[in-house]
Amino acid sequence: APVIVKHLRALDSSDLSRGVERENILIYSLALAETEDGITQSFQSIDSVVKTDVSICIAVLSVLIFVSAALTIYIAYRVTSSMIRPILDLLVVIEDINRQ
């Protein structure tokens, strides 16, 4: 079925200040009917690929989070140990002084 579309056409395309003219243009629209299965069929092959990619990404991120947490705990242990050892040595020296 034709559709009437209102369109503005420039009177002089080299000089737009001369104004425009309103035109009514008939446009014929065509529609194609497609079933839902037909539309989603192209996405079904992509669906399995996306699920595989998401599973791989989740696994990689989980390993990355675990490794970073373990590294953080190890660094915290090393820093704490390096601060506590001199304090414990000082405690031993003070206890020896107190015994004398």
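Per-residue answers, yes or no, for (1) outside any loop (DSSP other than H, G, I, E, B); (2) over 26 Å from the mean Cα position of the chain (by Cα); (3) among the charged types (D, E, K, R):
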{"residue": "Gly38", "(1), (2), (3)": "yes, yes, no"}
{"residue": "Ser42", "(1), (2), (3)": "yes, no, no"}
{"residue": "Asp53", "(1), (2), (3)": "yes, no, yes"}
{"residue": "Ile56", "(1), (2), (3)": "yes, no, no"}
{"residue": "Ser62", "(1), (2), (3)": "yes, no, no"}
{"residue": "Ile65", "(1), (2), (3)": "yes, no, no"}
{"residue": "Tyr74", "(1), (2), (3)": "yes, yes, no"}
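The set of residues from the stretch 1-55 being aliphatic (A, V, I, L, M) and surrounded by 10 or more Cβ atoms within 10 Å (Cβ to Cβ) comprises Val5, Ala10, Leu11, Leu16, Val20, Ile25, Val50, Val54.
Readers should treat all values here as calculations from the given coordinates under stated rules, not as data from a laboratory. Quick caveat: nothing in here was measured; it's all calculated off a predicted structure. With ideal geometry, Cβ positions are generated from the backbone for all residues, glycine too; neighbour counts draw on all protein chains shown.
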